[in-house]
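The values are calculated or read from the model by the stated rules, or taken from the named source; none is laboratory data. Not measured: the values here are computed from a predicted model. Positions of Cβ are backbone-derived with ideal geometry, glycine not excepted, and every protein chain shown enters the neighbour counts.
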Amino acid sequence: MQRALHFRYWLQLGLLLLAAPQLWGQVSFEARVSNKKLGINERLRVDFVMNENGDNFTPPKFEGFRVMGGPNQSISNSYVNGRRSFSKSFTYFLTPMRKGQLTIKQATVDIGGEQYKTTPLQVQVTEAVAMPKDPNSVEYLADQNMHLVAEVSKRNPYLNERVTVQYKLYFRNPIKISQAPREMESPKFVDFWSQNIKIPQLRIEQGSYKGEAYNVVVWRKTVLYPQKTGKLVLEPLTLNVTAELPTNRRDFFGDRIMRQVNRVVTAGELRLNVKPLPEQGKPDDFTGAVGDFNFDVLLNKKMLKASESFQARIKVSGSGNLTLFKLPKLKVPNTLEVYEPEHKEDVKTSLRGMQGTIQDTYTIVPQYQGKYPISPLTFSYFNPKTKRYEKAVSQNFVVDVFEGPLATNGNAPQSTPSNVIPTTNANFKFIKLKAQWQQMNSQPLWGTKRFYLLLISPIFLLLMMIPLRRWQQSHVPDVQSQKQKAASKRARRFLARAKKNSVNKTLFYEALEAALHNYLKSKLKIETTDFNKETIETLLRDKGVDADLSKGFVALLGNCEQARYAPSSEVQIQNDYEAAVRTITQIDRKL
């Protein structure tokens, strides 16, 4: 019995030792995240770790994230008590682009001829969170000196009253913004009629934030008309800003070393309390017009014949929610044939809201002669300035229709004859019924002097046109040459203006950029709409200009664009001016 127990013990130990190498050699490949819940302004670290060396590593697409760094590869290979420990990892640093539940999908790698995949990971992204403050870090300096603010014109508007929102980016020294920010999250105005106002060019202006001087860039302008009452939410705008800040280290020449830092700034969530329109004094014909309007009804004819047509225009002009209400319907007698109106809108939207004109044009055809009254129309609207309803009334018209059949009870509605004033046949007495005929001259044209004169005159005129055409071509200036000369003059004028405004950074770079653009227009025969880096370099290369000169010209244009966002020193302004003069001179020699 004891021998049997010993045999079983050694058998189990032997099987365990045989299986141990397989357990020790088991391959693992997994994804790890630094945090499964983070704010939209925080970074996420993702590690893809394997315990055996693999090839053909393929990361996921990171949908919903922006890759801020990586892949960073690290390998660890050690021996402890005779046992080998191996680890290889690929590290990424991500920034979330939106809130909600985001998924980091599978990554793949080939190990030992087989493909391995990681398990997908879920990450919850919330609102921006407060970051730890370290006064010595560049991140802290960026957070303290850069703010994104949403400025609202009115927090308690009426239903359908105009509200404007301006998103402004404030920043101050020592921050320099080296490139245009990127939108990570754009607000969606679900319960509003909204329209963004186009900003042709972002400009840095001087402003004030909480009583202190700041540089300010207006990033977005939006006009809103609330379509619901109660507490409505304006979702936040979130930007990813690349800023440059000086560090405590200095380079070989003693200048401070600048460090780039990416910061996420958000305007935060705003709430508006939208008031309903008052019920007291609301007219029965009110259709939702809110603003300050003028109302009129216009006729293009007041006297016409039967079966002719005339037009009636119902017109509303002014400032308010012009496209969000209906115009009054035209009311005419039944014997007038009225077609469906043609609706036309001439409305422009600015920070002051919708402004312009809307109108309905009716085409009307009378069938019988008589005098037809056009009843006055009323238009009611709510004026938020006076906080009361106002009513406009059109004038009364009478349309006189003559020379047509008379309306009778058999061919017109009963309500019509009382509106029609009959006429007599005396209106037709001016028509002359008897004509006096006269015989025309029957002399033939063939063989007469007039015949030969008409025959020869086209040939004579054709011969005269040849020298006239040659003279015209020799004296009419070339339009393209005129455009090139004018652009060349403008380039020299803007270059002189840039030198004159060297103390004002904004005016200097505007003039310098205009000088460079007009120089290209004069030399390369391209319009401003065709400008891009690739086009400029290609055209200059085709003209025989060196690649270094082409890149230098494009770099100058880039400096002009970057100067809108980052402060520039007097030395840099002088260097850019001298580089522009030198580059233009050298390109002129090549061309």
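Hey, among Arg203, Arg220, which residue is under 22 Å from the mean Cα position of the chain (by Cα), over 18 Å from Arg155 (Cα atoms) and surrounded by fewer than 15 Cβ atoms within 10 Å (Cβ to Cβ)?
Result of the check over Arg203, Arg220: Arg203.
For segment 317-351, enumerate the residues that are farther than 16 Å from Asp292 by Cα and either assigned to a strand (DSSP E or B) or among the small types (Gly, Ala, Ser) (or both).
Leu336, Glu337, Val338, Glu342, His343, Lys344, Glu345, Asp346
When the residues of segment 382-403 are filtered to those that are of a type in the set (Ser, Thr, Tyr) and outside any strand (DSSP E or B), which remaining residue is nearest to Lys301 (Cα to Cα)?
Here the residue is Ser394.
Please go through segment 368-387 and pick out each residue that is over 36 Å from the mean Cα position of the chain (by Cα) and more than 18 Å from Leu330 (Cα to Cα).
Listed by number, the residues that qualify are Tyr368, Gln369, Gly370.
Do we have Ala107 as within 26 Å of Thr238 (Cβ to Cβ) and aliphatic (A, V, I, L, M) here?
no
Looking at (1) buried (at least 16 other Cβ atoms within 10 Å of the Cβ); (2) modelled with pLDDT of 85 or more; (3) polar (S, T, N, Q), which is the one condition that is false for Ser28?
Checking Ser28 against (1) buried (at least 16 other Cβ atoms within 10 Å of the Cβ); (2) modelled with pLDDT of 85 or more; (3) polar (S, T, N, Q), the one that fails is (1).
Can you say whether Arg469 is modelled with pLDDT of 75 or more, over 25 Å from Lys551 (Cβ atoms) and more than 60 Å from the chain's Cα centre (by Cα), as far as the supplied structure shows?
no
Which residue pairs have Cβ atoms closer than 7 Å, lie 6 or more positions apart in sequence or on different chains, and pair a first residue in segment 567-591 that is at pLDDT 75 or above with a second residue that is among the basic types (Lys, Arg)?
The qualifying pairs are Ile573/Lys505; Tyr577/Lys499.
Out of all the residues in segment 545-559, is one or more aromatic (Phe, Trp, Tyr), within 30 Å of Asn215 (Cα to Cα) and either at pLDDT below 75 or exposed (fewer than 12 other Cβ atoms within 10 Å of the Cβ) (or both)?
Taking every residue of segment 545-559 in turn, none turns out to be aromatic (Phe, Trp, Tyr), within 30 Å of Asn215 (Cα to Cα) and either at pLDDT below 75 or exposed (fewer than 12 other Cβ atoms within 10 Å of the Cβ) (or both).
Against the definition (farther than 30 Å from Leu94 by Cβ and outside any strand (DSSP E or B)), how does Leu277 come out, yes or no?
Yes; evaluated as a whole, the condition is true for this residue.
Provide a single number: the residues in segment 351-380 that are within 30 Å of Ser153 (Cα to Cα) and not polar (S, T, N, Q).
Number of matching residues: 7.
From the residues in segment 61-89 that are surrounded by 10 or more Cβ atoms within 10 Å (Cβ to Cβ) and among the aliphatic types (A, V, I, L, M), which one is modelled with the lowest pLDDT?
Among them, the one singled out is Met68.
Take the residues in segment 223-250 that are modelled with pLDDT of 90 or more and within 22 Å of the chain's Cα centre (by Cα); name whichever of them is nearest to Arg182 (Cα to Cα).
Result: Val223.
For the structure I just gave you, tell me whether Gln179 is in contact with a helix residue (DSSP H, G or I) (Cβ under 8 Å, 6 or more places away or on another chain) and in a loop (DSSP other than H, G, I, E, B).
Yes, satisfied.
Quick check, is Glu185 among the charged types (D, E, K, R), out of contact with any Leu (no Cβ under 9 Å at 6 or more places or on another chain) and either surrounded by 14 or more Cβ atoms within 10 Å (Cβ to Cβ) or free of Cβ contacts under 8 Å to residues at least 40 places away in the same chain (or both)?
So Glu185 fails the test.
For (1) assigned to a loop (DSSP other than H, G, I, E, B); (2) farther than 18 Å from Phe29 by Cα; (3) in contact with a Lys or Arg (Cβ under 8 Å, 6 or more places away or on another chain), each residue gets a yes or a no:
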{"position": "Ser74", "(1), (2), (3)": "no, no, yes"}
{"position": "Ser78", "(1), (2), (3)": "no, yes, yes"}
{"position": "Phe86", "(1), (2), (3)": "no, no, no"}
{"position": "Ser89", "(1), (2), (3)": "no, no, no"}
{"position": "Tyr92", "(1), (2), (3)": "no, no, yes"}
{"position": "Gln124", "(1), (2), (3)": "no, yes, yes"}
